[in-house]
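Asker: First the structure, then my questions, so here it is.
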Amino acid sequence: MCGIVGYVGFRSVSDLLVEGLHRLEYRGYDSAGIAILHEGKMSVRKKAGRVLELAGILQSQPILGHAGIGHTRWATHGAATDQNSHPHLGGNGEVAIVHNGVIENYDTLRKQLTALGYVFHSQTDTEVAAHLLAHNLEEQIILGGSASDIETCLKVVELTLEKLKGTYGLGIMFRDCPDTVIAARCGSPLVIGVGKDEYFLASDASPLVGYTKEVVYLSDHEVAVLQPTGLRIDHRKTGSVFPNVHVLEQVSADIELGDYEHYMLKEIFEQPQTVENAIRGRLDSEEATSVMGGLNLTAKDLRRIDRIVLTACGTSWHAGLVGEFLLEEFARVPTEVEYASELRYRNPPMTDRTLVFAITQSGETADTLAALRECKRKGHPTLAICNTVGSTIAREADGGIYLHAGPEIGVASTKAFTSQVTVLTLLALYLGRMRHMSYPAGRRIIGQLRDMPDKISKTLQCHDKVLEVADKYFRFNNFLYLGRLYNFPVALEGALKLKEISYIHAEGYPAAEMKHGPIALVDEQTPSVFVIPRGGIYPKVVSNMEEIKARRGPVIAIACEGDTDIARVADDVIYVPDVEEYLQPLVCAIPLQLLAYHVALLRGCNVDRPRNLAKSVTVE
Ligand code: M6R
């Protein structure tokens, strides 16, 4: 939610900030703006709408300079208007700030600052921080400080942060303190790119790609000063911090669209490769198990575990539900998947034998992070299944498993889901083989996993058929998604995909559960998408399908190739390769991702930037 960029150095900063904002636009696209400090003058350009609009304004009204901050917004307080766009100026323009997060006590602060004579130009929570900085600066100057002195500016920042309640990633510039960007973090991610005589600031590493591979991740309660001459970091409680420089693995091509029209489509088609990446180096045929180096727990530690809690949001929660079924089937460890937004405030009974996994693509989801911290605070071993290397959750967990799926840019999560399910399968195999799973069973699973990239490539051949189905159904306004056992989470995921990018009402249900209520929705205008590959209870799901047909509901089936019988019941069938039941989510999710994509396109929706959403939900 909201993307921040900043730069100090020798480059012309305007284009660089705009390019960075383009790369962060997946975090929010309600408005965009930049502030540039040049020869004692603070210039701001900002506009409601996409970064492209801002770029247009900068063409007609360019700003020169080598130090600046920028922001792309996902609105929390105040509508998506020019006035509410960041950067915000404090006082009479002595300070400019960009902010990602939520200042919870903004109303109180706003009243206090208004009483002091500060005039607010926006409805945002952020503007209070801007005015508070200006106010504290004024006070420090009265006490003998200097607006051009970095120590005074840091004191002002500290006094301001002391008053703020909530979460923030801040980029700050003081008008009279040249060539300086100050960053502060509490709950919202910030990364600093280290160059030669230049420093970059961003909400994640993507704007740094192509400029530097050396990064420093800012931790909560740290304040950084970026100047061309150097980087200084202080922890607000413990003092000076030695910058721990990491080398960025991401390569530029990862974030290019290539020949695809949208990131979502590109990412759907990357899945044979991303599933391969998730498996690579992690299968041990000799021992008939998987290799889980990053868990940082010994076999003895893991053998003690008698309960697993998986916590996540959205699509990652759906992957977690598949994980629950896998872990219980393969490892026989009682497992629950908890919504992170609930777990963070719930207090379920958990013993010292409970292992907690946070599942997250971004590694920055506020609720997932809070749930992880709460479990950690209680002393549970906390692990992460995460895609984004160096993200907050990846760093704060005691260990974990990376997806290696490459950056996922499309707001609708696709390849992260299949990678998460793959990694959870590896985990279930690992824990299973520590318990009662036999050597031949382990070998069989390894063989089946090795085949998955090919099976997913074959699945993608359904693309033309999906297009045909999308064309037939895109005008319908209500959909049911139904599946059982391993395909129930797939039904939930299919419904979420359709909702979030095409704004069609869709509900996912266990197929047999629909007769306990949702069947009342069924009529000629409510298609049901059945995820019905072959398996133990296939005939039962066919009966559920018949129940829908009996009520004249149109039926689309996702079925196994060769299943000609299903075509006699369903109106339309999309075939996927036949795989073991526990692997069906990996193939069945794909036609549902494609269906959502094409329906959204046919309805004229912005597939990669759906309304009201952002890729990383870094606010509560
Ligand atoms: O980055 P995370 O995996 O933690 O994100 C969790 C959800 O916000 C995310 O999966 C969201 O539901 C997606 N938009 C779904 O496509």
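Asker: Look through the stretch 184-222, keep the residues that are over 18 Å from the mean Cα position of the chain (by Cα) and at positive phi, and return whichever of them is modelled with the lowest pLDDT.
Answerer: The residue in question is G210.
Asker: For the stretch 347-374, what are the residues that are crowded, with 24+ Cβ neighbours inside 10 Å and either among the polar types (S, T, N, Q) or more than 14 Å from the ligand (Cβ to nearest atom) (or both)?
Answerer: L355, V356, T360, Q361, S362, T365, T368, listed by residue number.
Asker: Which condition from (1) away from the ligand (no atom under 14 Å from the Cβ); (2) of a type in the set (D, E); (3) surrounded by 24 or more Cβ atoms within 10 Å (Cβ to Cβ) is the one that D398 breaks?
Answerer: With (1) away from the ligand (no atom under 14 Å from the Cβ); (2) of a type in the set (D, E); (3) surrounded by 24 or more Cβ atoms within 10 Å (Cβ to Cβ) applied to D398, the lone miss is (3).
Asker: Now for a different question. If you check R444, R433, which single one turns out to be in contact with a Phe, Trp or Tyr (Cβ under 9 Å, 6 or more places away or on another chain), more than 16 Å from the ligand (Cβ to nearest atom) and open to solvent by 20 Å² or more (accessible area, probe 1.4 Å)?
Answerer: Working: R444 fails: in contact with a Phe, Trp or Tyr (Cβ under 9 Å, 6 or more places away or on another chain).
After ruling out the rest, the residue left standing is R433.
Asker: Out of curiosity, is S85 of a type in the set (G, A, S), open to solvent by 10 Å² or more (accessible area, probe 1.4 Å) and at pLDDT 95 or above?
Answerer: The answer is no for S85.
Asker: Could I ask something else about it? If E324 passes every condition in (1) away from the ligand (no atom under 16 Å from the Cβ); (2) open to solvent by 20 Å² or more (accessible area, probe 1.4 Å); (3) more than 24 Å from A491 (Cα to Cα) but one, which one does it miss?
Answerer: (3)
Asker: Inspect all residues belonging to the stretch 57-80 and state whether any of them is crowded, with 24+ Cβ neighbours inside 10 Å and assigned to a helix (DSSP H, G or I).
Answerer: For the stretch 57-80, residues crowded, with 24+ Cβ neighbours inside 10 Å and assigned to a helix (DSSP H, G or I): absent.
Asker: Looking at S419, is it touching a residue at least 40 places away in the same chain (Cβ under 8 Å), under 25 Å from E270 (Cβ atoms) and open to solvent by 10 Å² or more (accessible area, probe 1.4 Å)?
Answerer: Considered against the rule, which asks whether it is touching a residue at least 40 places away in the same chain (Cβ under 8 Å), under 25 Å from E270 (Cβ atoms) and open to solvent by 10 Å² or more (accessible area, probe 1.4 Å), S419 comes out as no.
Asker: Just for the stretch 88-109: of the residues that are surrounded by fewer than 24 Cβ atoms within 10 Å (Cβ to Cβ) and out of contact with any helix residue (DSSP H, G or I) (no Cβ under 7 Å at 6 or more places or on another chain), which one is nearest to I4 (Cα to Cα)? Even if it seems obvious, please write down each step before you answer.
Answerer: Going residue by residue through the stretch 88-109, those that are surrounded by fewer than 24 Cβ atoms within 10 Å (Cβ to Cβ) are 89, 91-94, 102, 104-109.
Cutting the leftovers down to out of contact with any helix residue (DSSP H, G or I) (no Cβ under 7 Å at 6 or more places or on another chain) gives us 92-93, 102, 104-105, 107-108.
On the way: N92: 23, G93: 20, V102: 14, E104: 20, N105: 22, D107: 23, T108: 26 Å.
Among them, the one singled out is V102.
Conditions (1) more than 16 Å from the ligand (Cβ to nearest atom); (2) assigned by TED's automatic domain parsing to the domain that holds A394; (3) closer than 17 Å to S413 by Cα, marked per residue:
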position	(1), (2), (3)
Q273	yes, yes, yes
A278	no, yes, yes
G281	yes, yes, no
S285	yes, yes, no
M292	yes, yes, no
R304	yes, yes, no
G314	no, yes, yes
H318	no, yes, yes
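Asker: Considering (1) within 15 Å of the ligand (Cβ to nearest atom); (2) in contact with a Gly (Cβ under 8 Å, 6 or more places away or on another chain); (3) not basic (K, R), say which one N296 fails and leave the rest.
Answerer: (1)
Asker: Starting from residues that are more than 16 Å from the ligand (Cβ to nearest atom) and small (G, A, S), keep the ones in the stretch 493-514 and report whichever is surrounded by the most Cβ atoms within 10 Å (Cβ to Cβ). I'd like the intermediate steps shown before the answer.
Answerer: Pass one, the stretch 493-514, residues more than 16 Å from the ligand (Cβ to nearest atom): 505, 509-514.
Retained after the next criterion (residues that are small (G, A, S)): 511-512.
Values: A511: 28, A512: 16.
My answer is A511.
Asker: Ok, one more. Only residues that are within 14 Å of the ligand (Cβ to nearest atom) and closer than 19 Å to L302 by Cα: list them for the stretch 375-393, please.
Answerer: Listed by number, the residues that qualify are A384, I385.
Asker: Kindly evaluate S188 against the criterion of being crowded, with 16+ Cβ neighbours inside 10 Å and either assigned by TED's automatic domain parsing to the domain that holds A35 or in contact with a Gly (Cβ under 9 Å, 6 or more places away or on another chain) (or both). Walk me through it before giving the result.
Answerer: Details: crowded, with 16+ Cβ neighbours inside 10 Å: yes; either assigned by TED's automatic domain parsing to the domain that holds A35 or in contact with a Gly (Cβ under 9 Å, 6 or more places away or on another chain) (or both): yes.
Yes, satisfied.
Asker: Restricting attention to the stretch 2-19, report how many residues are touching a Ser or Thr at 6+ places or on another chain (Cβ under 8 Å) and at negative phi. Explain how you work it out, then say what you get.
Answerer: Of all residues in the stretch 2-19, those touching a Ser or Thr at 6+ places or on another chain (Cβ under 8 Å) come to 2-5, 8.
In the following step, the residues that additionally are at negative phi were identified as 3-5, 8.
So the count comes out to 4.
Asker: Right, something else. Any residue that is within 10 Å of the ligand (Cβ to nearest atom), under 24 Å from M264 (Cα atoms), of a type in the set (G, A, S) and not assigned by TED's automatic domain parsing to the domain that holds V191 - is there at least one of those in the stretch 338-346?
Answerer: Scanning the stretch 338-346 turns up no residue that is within 10 Å of the ligand (Cβ to nearest atom), under 24 Å from M264 (Cα atoms), of a type in the set (G, A, S) and not assigned by TED's automatic domain parsing to the domain that holds V191.
Asker: Filter the stretch 134-157 down to the residues that are under 22 Å from G239 (Cβ atoms), open to solvent by less than 50 Å² (accessible area, probe 1.4 Å) and of a type outside the set (V, I, T) and list them by number.
Answerer: N136, Q140, G145, C153, L154
Asker: Which of the residues belonging to the stretch 111-125 are part of a helix (DSSP H, G or I) and crowded, with 20+ Cβ neighbours inside 10 Å? Spell out the reasoning first.
Answerer: So in the stretch 111-125, the residues part of a helix (DSSP H, G or I) come out as 111-115.
The one that is part of a helix (DSSP H, G or I) and crowded, with 20+ Cβ neighbours inside 10 Å: L113.
Listed here are the residues, each with its yes/no results for (1) open to solvent by 50 Å² or more (accessible area, probe 1.4 Å); (2) among the hydroxyl-bearing types (S, T, Y).
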| position | (1), (2) |
| --- | --- |
| H262 | no, no |
| E267 | no, no |
| Q271 | no, no |
| R280 | yes, no |
| S290 | no, yes |
| L295 | no, no |
| D306 | yes, no |
| A312 | no, no |
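Asker: Is it the case that F330 is open to solvent by less than 10 Å² (accessible area, probe 1.4 Å) and either more than 9 Å from the ligand (Cβ to nearest atom) or at pLDDT 95 or above (or both)?
Answerer: On the way: open to solvent by less than 10 Å² (accessible area, probe 1.4 Å): no; either more than 9 Å from the ligand (Cβ to nearest atom) or at pLDDT 95 or above (or both): yes.
So F330 fails the test.
Asker: Please go through the stretch 403-439 and pick out each residue that is polar (S, T, N, Q) and over 30 Å from V607 (Cβ atoms). Let's see the steps before the verdict.
Answerer: Step one: of the stretch 403-439, the residues polar (S, T, N, Q) are 413-414, 418-420, 422, 425, 438.
The one that is polar (S, T, N, Q) and over 30 Å from V607 (Cβ atoms): S438.
Residue-wise test of (1) among the β-branched types (V, I, T); (2) within 26 Å of M545 (Cα to Cα).
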| residue | (1), (2) |
| --- | --- |
| Q420 | no, no |
| V423 | yes, no |
| R450 | no, no |
| A470 | no, yes |
| Y486 | no, yes |
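The values are calculated or read from the model by the stated rules, or taken from the named source; none is laboratory data. What you see is a predicted model, and the numbers here were worked out from it, not measured in a lab. We place every Cβ from the backbone using ideal geometry, glycine too, and count neighbours over all the protein chains shown. Areas reflect the complete protein model, heavy atoms only, side chains present, ligands, DNA and RNA absent. Shrake-Rupley method; radii C 1.70, N 1.55, O 1.52, S 1.80 Å.
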